[in-house]
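Read-outs throughout are calculated quantities, based only on the coordinates presented, and are distinct from any laboratory measurement. Because the structure is predicted, anything quoted here is derived from the model rather than measured. Neighbour counts are summed over all protein chains in view; Cβ atoms, including those assigned to glycine, are modelled from backbone coordinates with ideal geometry.
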Amino acid sequence: MAAQTVLTTPRATSDARCFIMTSGRWFHRALLAFAGCAAVVVWMVTTAVAPRVAAQAPADDSFNDSHFHLTNYIQQGITPRQFLQIMGTRVQRSTLFGIPLQQQWSYSNSGDYAPQYYLNSDAPLYYYSFTDAYVASVFKSLSPAEQARFDPMITGFNPADMYGVDHIRRVLQLFPGVFTGIGEFTIHKEFVSAKISGETASLTNPALDRIFDFASESGLVVIIHNDIDMPFAKENAEPVYLTQMKALLKRHPKATIIWAHMGLGRIVHPVRASAEAAERPPTQLEIVEGMLADPGLAHVNFDISWDEVAKYAVATPQTIAGVAAFLNRHADRILFGTDTVAPASADAYYAVFDIWKPIWRLLTPEASRKVRTGTYERIFNEGRRRVREWERANVK
Ligand SMILES: [Zn+2]
């Protein structure tokens, strides 16, 4: 779940240096092409709008959006048709989800001031399950060609509730043919988790295991937001949620999972490690790289969405080189996403992609294509296929 606005000016922070630190060790790799489905969609769109462009390869600034919020924390936003206008021919496909948490407007807290964002009020957030019916209904109002460009996601469940999984199953049964996955949903998130009414979500809660079990069975792609660490974490310390997160992921090897924002947040910075320490602990990218190399985590992917994440990546020439090298090595498992929330304009929407420009420039053509489109197609095409298969067998 992203910032209220998307126009953040990247600025150098000392946090960002740790993102990299050992950048000299990282480099190279590549592969994958345009999957048939999306190619057909692109063809349909480009022939309808601009036939001359149809035969060209996608421009280097085209992408699929693995992380997009249609509505905000008070369930307001833009329509999919307005989003299609913004997508134009530059964005072929996108995920589609609201935000499952509603900010309460508490008169006793803010009086006549109507909060629109979780930082605007001390009043709690609560799960707003109607978001799934809303997303399904606006999706179903689209033409088949328009629908083919979206992967709607179920988000309106409480991951601390043993009944949460039943909501997900019910949504598939009520709206077959619509959803590709679940999420973005949140377990630990700075400022947010503590504000949610009811029991605090936990990575060790069996209610969450039931949800992952069902994702494994149905093929629903999982996008999970879980901060890797607490805010203001100390240097040279194991990130507080890393062990629990790895254990959760390893308990569900048959689920296809995307760890949103590589575990980072607005102030949950890349894991720090001081260069002088004799036994230097791994940095953020080394942790992620270790996970990517772990055969027990071959089902786990990472998104680099959110302008708050981009700010760490482009903070210094060293971070830019290190992150680019990392992406060149691991593009098969990394997805770009904007994490914009109901963007008011194309400028606001594309600003997030453009923050990454210094890094896009350093990627091999194949790595760039995978991060922008190929990894998305691999994961979401398979998700669609498996969920439709589950629906055929289970929705009467
Ligand atoms: Zn998030």
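So which chymotrypsin sites (Phe, Trp or Tyr not before Pro) in region 72-166 are both in a DSSP loop and have at most 16 other Cβ atoms within 10 Å of their Cβ?
Loop-located and lightly packed - Tyr113, Tyr117, Tyr163.
Calculate the tail of P(r) for region 65-131: the fraction of all Cα-Cα distances greater than 19 Å, expressed in %.
Values: 935 of 2211 pairs.
The calculated P(r) of region 65-131 puts 42 percent of pairs beyond 19 Å.
If I model a spin label at Ala247 and Ser141 as a point 7 Å from the Cα along the Cα→Cβ vector, what separation in nanometres do I get?
4.6
Cα centroids of region 182-250 and region 341-364: how far apart, whole angstrom?
If we compute the Cα centre of each part, the gap is 27 Å.
Plugging the Kirkwood radius over Cα pairs into Stokes-Einstein for region 14-394, at a temperature of 37 °C and a viscosity of 0.692 mPa s, what D comes out in µm²/s?
Estimated diffusion coefficient is 155 µm²/s.
Please work out the FRET efficiency for the pair Arg388 and Ala237, using the Cβ-Cβ distance as r and a Förster radius of 35 Å; give the result to the nearest 0.05.
About 0.20, to the nearest 0.05.
Scaled to the compact-protein estimate 2.2 N^0.38 Å, what is the alpha-carbon radius of gyration of region 173-226, rounded to two decimal places?
Computed over Cα atoms of region 173-226, the ratio equals 1.27.
Filter the cross-link list Lys189/Lys250; Lys254/Lys370; Lys246/Lys357; Lys140/Lys370; Lys189/Lys311 down to pairs whose alpha-carbon distance in this structure exceeds 24 Å.
Table pairs above 24 Å Cα-Cα are Lys246/Lys357; Lys140/Lys370.
For Ile223, which sequence-distant residues (separation of 5 or more, or a different chain) have an amide H within less than 5 Å of its own amide H, given hydrogens modelled in the peptide plane?
Residues meeting the criterion, in which the H sits 1.01 Å from N, are Ile182, Gly183, Phe185, Ile258.
Based on Cα coordinates alone, diagonalise the gyration tensor for region 151-293, multiply each eigenvalue by 5, take square roots, and list the semi-axes in whole Å, largest first.
Whole-Å semi-axes of the equivalent ellipsoid: 30, 16, 12.
What is the spin-label model distance, in nm, from Arg361 to Lys254 if the labels are put 7 Å beyond Cα along the C-beta direction?
Inter-label distance under the simple model: 4.8 nm.
What is the antiparallel percent of DSSP beta bridges lying wholly in region 83-182, to the nearest 5?
40
Rounded to the nearest 0.05, what FRET efficiency do Gln76 and Glu279 have when you use their Cβ-Cβ distance and R0 = 56 Å?
Working: r = 50 Å, r/R0 = 0.90.
Rounded to the nearest 0.05, the efficiency is 0.65.
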